[in-house]
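Novice: Structure provided below as structure tokens; questions to follow.
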Amino acid sequence: MSYPYQIKSLEQYHEAYAQSIKNPENFWGDVAGHFQWRRRWDKVLDWNFTEPKIEWFKGAKLNITENCIDRHLENFGNRPAIIWEPNDPEEHHRIITYRDLYNKVCQFANVLKNNGVKKGDRVCIYMGMIPELAIAVLACARIGAVHSVIFGGFSAQSISDRLYDAQSEYIITCDGAYRGAKDIPLKSVIDDALIGNRTVKRVIVCTRTRTAVSMIKGRDVWWEDEIKKIETLGMTDCPAEEMDAEDPLFILYTSGSTGKPKGVVHANAGYMVYTNYSFVNVFQYQPGDIHFCTADIGWITGHSYIVYGPLSAGATSLMFEGVPTWPDAGRFWEIIDKFSVNILYTAPTAIRSLMGFGLGPLQGKKLNSLKVLGTVGEPINEEAWHWYDEHIGNGKCPIVDTWWQTETGGILISNLAGITPSRPSWATLPMPGVEPILVDENGKEVTGEGEVSGNLCIKSPWPSIIRTTYGDHDRCKKNYFSTYPELYFTGDGALRDAEGNYRITGRVDDVLNVSGHRIGTAEVENAINMHAGVVESAVVGYPHDIKGQGIYAYVIYNGTHGDEALRRKDILQTVTRIIGPIAKPDKIQFVSGLPKTRSGKIMRRILRKIAEGETENLGDITTLLDPGVVEEIKNGKI
Ligand code: PRX
């Protein structure tokens, strides 16, 4: 497969960028011409950010799996589509060619149909990182069902909320999942999520750990049994459902600054075109390269750069079940040498954690197949950048620092590997079709000669922009398109230099980024406040060496049970139950009051500073209802 739209020089980048802004419809129409459509579009783009209403490739018909699988079969059906490396290095890896993938996706798509799943139905997927997860995702897309993948670190309560919000009637899960030394009992968590649920009709359970599970008659079925039924019926192929360009492809829940996580909705055509375009250009993928994205498919990075981007480009995507530090901190490096990986795409938190083990785990590792390195999820500090460059890339691999979000579907700001310059801790230049703008607090554009800073917004739509938040379009409007009229607001702050390079400085709203995972402070506070002994709480982020940000909770407690250590554990247990282990605070400080203004608003700025270790310059505290509380909090800092 060739990529005529792959940018090959800095000059071509500037040309492509200029064209994409001058005439986005021509630009994206040309790119889209290289995909397989059942029917071409009537209009490339129709949009306004007021409602918002964004339609790409209007009137076109397609199925994304025909682009990710079927169209590759004739010329390279035997090429590995997915290489799967299990958690345990002693277990054998699996190689799934495009032909195998076709067969397996068709088979499971038929299983879904046989179990009553229809076009437009929402299917919740809660699985570990095994090939069947990618197969389940693609099988949904094949029959036009809308997948909603939930990361394995979320609790039964979180699953239950998401099932309810999406009105999902079908679940695909595993008995359990392996992650390092742990077995996670996924089906048992699903069972808890389903207590009292009357909507879910079917749970399909794939075998992985073979831990004991309770299979409920009439509701729960085994994946393997269902496949056998399909084989008996002789149903090998599964014609792909014809989808409208704007039909939803998937929902992915993500945290915001207020309320419960919202279901970000992505549409078929635009998401396909943009994830492919960004994959091919940012990583400079060449046919035959092995691409290793270490994310979990439970997050957007896995959706876009393990599944849809690589597969639509006919690439070989390496999927890893385990964690970077088990059985030892050489696991990534061993995998890279084992499969001669060419592109490694990981998170700064993983790099920092591996840096902490020193150079021992790199002993005897060649890493000479690597051509391109990438990072995503949070700002990368210069120290980690240089370590990655020197010890993993051996000084010869360009590092792409890719900035994007669940809502953007694909990478929006990044250098292109080896084509546009990289610069430690700068995401650098916008992708073609992406028009960033910095604004001040009042929405006024920030301009200026040298380096400027502001809130990062985007002026016009790119093909994989969020279409709505599931079931609540108004929320989408309020969250992203209302802070600054006629602009998409990212929630991030950024610097821009005179050459137009961007450096992302972090969230400017109450959203934390813990190990590259997005968590709303309000969400964690709500969970802590559910504990019977808690009166009130305030949660802020603080700099954490490995995680980037840690969670610091200030808690007013009036319960009578246990000592302080036990109370902390009780609170952690509550957060684990309500959200999941990923949202557990790193530090809990018990306080007698919180710094509030006279109107009752918590002054988080002060709490943030104290959590960061600042004791002197806390700003003006005279407007506080009870300034004395600040002294107490400062003294009790942990
Ligand atoms: O704050 C930015 C940070 O991660 C947020 C998006 O989180 P999520 O939707 O979970 O998606 C993560 C994977 C795409 C952004 O608002 N972020 C992501 N990439 C970078 C980043 N911050 C700095 N540099 C990056 N490269």
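Novice: Taking S515 as meeting all but one of (1) touching a Lys or Arg at 6+ places or on another chain (Cβ under 6 Å); (2) away from the ligand (no atom under 11 Å from the Cβ), write down the number of the exception.
Specialist: With respect to (1) touching a Lys or Arg at 6+ places or on another chain (Cβ under 6 Å); (2) away from the ligand (no atom under 11 Å from the Cβ), S515 is out only on (2).
Novice: What is the number of the single condition among (1) crowded, with 19+ Cβ neighbours inside 10 Å; (2) modelled with pLDDT under 85 that N617 does not meet?
Specialist: (1)
Novice: State the number of residues belonging to region 361-383 that are away from the ligand (no atom under 12 Å from the Cβ) and either in the same structural domain as I546 (by TED's automatic domain parsing) or of a type in the set (A, V, I, L, M, F, W, C) (or both). Steps first, answer last, please.
Specialist: Of all residues in region 361-383, those away from the ligand (no atom under 12 Å from the Cβ) come to 361-373, 382-383.
Keeping just the survivors that are either in the same structural domain as I546 (by TED's automatic domain parsing) or of a type in the set (A, V, I, L, M, F, W, C) (or both) gives 362, 367, 370, 372-373.
So the answer is 5.
Novice: Return yes or no: is T375 out of contact with any Lys or Arg (no Cβ under 9 Å at 6 or more places or on another chain) and buried (at least 23 other Cβ atoms within 10 Å of the Cβ)?
Specialist: Details: out of contact with any Lys or Arg (no Cβ under 9 Å at 6 or more places or on another chain): yes; buried (at least 23 other Cβ atoms within 10 Å of the Cβ): yes.
Yes; evaluated as a whole, the condition is true for this residue.
Novice: Considering only residues that are under 18 Å from N442 (Cβ atoms), not in a strand (DSSP E or B) and not hydrophobic (A, V, I, L, M, F, W, C), look in region 481-497 and name the one that is nearest to the ligand (Cβ to nearest atom).
Specialist: The selected residue is T483.
Novice: If you don't mind, another one. Tell me which of these G500 doesn't satisfy, since it passes every other one: (1) assigned to a loop (DSSP other than H, G, I, E, B); (2) near the ligand (Cβ under 9 Å from one of its atoms).
Specialist: (2)
Novice: Also: Does L456 qualify as being surrounded by 17 or more Cβ atoms within 10 Å (Cβ to Cβ), within 14 Å of the ligand (Cβ to nearest atom) and among the hydrophobic types (A, V, I, L, M, F, W, C)? Break it down stepwise before answering.
Specialist: Values: surrounded by 17 or more Cβ atoms within 10 Å (Cβ to Cβ): yes; within 14 Å of the ligand (Cβ to nearest atom): yes; among the hydrophobic types (A, V, I, L, M, F, W, C): yes.
Against the criterion (surrounded by 17 or more Cβ atoms within 10 Å (Cβ to Cβ), within 14 Å of the ligand (Cβ to nearest atom) and among the hydrophobic types (A, V, I, L, M, F, W, C)), L456 qualifies.
Novice: Here's another thing I want to ask about it. Among the listed residues V273, V265, identify the single one that is in contact with a Lys or Arg (Cβ under 6 Å, 6 or more places away or on another chain) and either surrounded by 23 or more Cβ atoms within 10 Å (Cβ to Cβ) or farther than 21 Å from K396 by Cβ (or both). Before you say what the answer is, go through the steps one by one.
Specialist: Working: V273 fails: in contact with a Lys or Arg (Cβ under 6 Å, 6 or more places away or on another chain).
Answer to the check: V265.
Novice: Sort through Y502, Y552 and tell me the only one that's among the hydroxyl-bearing types (S, T, Y) and farther than 19 Å from Q405 by Cα. Steps first, please.
Specialist: Values: Y502 fails: farther than 19 Å from Q405 by Cα.
So the residue among Y502, Y552 that is among the hydroxyl-bearing types (S, T, Y) and farther than 19 Å from Q405 by Cα is Y552.
Novice: Looking at the structure I just gave you, is H473 closer than 30 Å to S148 by Cβ and more than 15 Å from the ligand (Cβ to nearest atom)? It would help to see each step written out before you state the result.
Specialist: Working: closer than 30 Å to S148 by Cβ: yes; more than 15 Å from the ligand (Cβ to nearest atom): yes.
Here the answer is yes, as H473 does meet what is asked.
Novice: Quick test for you: out of G409, G395, G418, pick the one residue that is at positive phi and in contact with a Phe, Trp or Tyr (Cβ under 6 Å, 6 or more places away or on another chain). I'd like the intermediate steps shown before the answer.
Specialist: On the way: G395 fails: in contact with a Phe, Trp or Tyr (Cβ under 6 Å, 6 or more places away or on another chain); G418 fails: in contact with a Phe, Trp or Tyr (Cβ under 6 Å, 6 or more places away or on another chain).
After ruling out the rest, the residue left standing is G409.
Novice: Quick check: is even one residue across region 230-246 within 28 Å of N342 (Cβ to Cβ) and in contact with a helix residue (DSSP H, G or I) (Cβ under 7 Å, 6 or more places away or on another chain)? Talk me through it step by step, then tell me what you get.
Specialist: Of region 230-246, the ones within 28 Å of N342 (Cβ to Cβ) are none.
So far as region 230-246 goes, no, none of its residues is within 28 Å of N342 (Cβ to Cβ) and in contact with a helix residue (DSSP H, G or I) (Cβ under 7 Å, 6 or more places away or on another chain).
Novice: Looking at (1) within 25 Å of G298 (Cα to Cα); (2) within 16 Å of the ligand (Cβ to nearest atom), which one does L354 not meet, given that it meets all the others?
Specialist: For L354, the failing item is (2).
Novice: Please tell me if T236 is of a type in the set (V, I, T), farther than 25 Å from G29 by Cα and away from the ligand (no atom under 13 Å from the Cβ). Spell out the reasoning first.
Specialist: Numbers: of a type in the set (V, I, T): yes; farther than 25 Å from G29 by Cα: yes; away from the ligand (no atom under 13 Å from the Cβ): yes.
Spelling it out, T236 is indeed of a type in the set (V, I, T), farther than 25 Å from G29 by Cα and away from the ligand (no atom under 13 Å from the Cβ).
Novice: Can you name the residue in region 395-412 that is surrounded by 19 or more Cβ atoms within 10 Å (Cβ to Cβ) and more than 19 Å from I306 (Cα to Cα) and is also nearest to the ligand (Cβ to nearest atom) among such residues?
Specialist: That would be P398.
Novice: On the given criteria, is Y253 within 28 Å of G374 (Cβ to Cβ), away from the ligand (no atom under 12 Å from the Cβ) and among the hydroxyl-bearing types (S, T, Y)? Spell out how you get there, then give the answer.
Specialist: Details: within 28 Å of G374 (Cβ to Cβ): yes; away from the ligand (no atom under 12 Å from the Cβ): no; among the hydroxyl-bearing types (S, T, Y): yes.
No, not satisfied.
Novice: All but one of (1) closer than 30 Å to I588 by Cβ; (2) more than 15 Å from the ligand (Cβ to nearest atom); (3) surrounded by fewer than 17 Cβ atoms within 10 Å (Cβ to Cβ) hold for G506, so report the exception by its number.
Specialist: If we test G506 against (1) closer than 30 Å to I588 by Cβ; (2) more than 15 Å from the ligand (Cβ to nearest atom); (3) surrounded by fewer than 17 Cβ atoms within 10 Å (Cβ to Cβ), just (2) comes out false.
Novice: I need every pair where a residue in region 509-527 that is at negative phi has its Cβ under 6 Å from the Cβ of a residue that is among the acidic types (D, E), sequence separation at least 6 or different chains.
Specialist: Hits for this filter: N513/E378; T521/D510.
The values are calculated or read from the model by the stated rules, or taken from the named source; none is laboratory data. As the structure is a prediction and not an experimental result, all values here were calculated from the model. Note: ideal-geometry Cβ built from the backbone for every residue, glycine included; neighbour counts use all protein chains shown.
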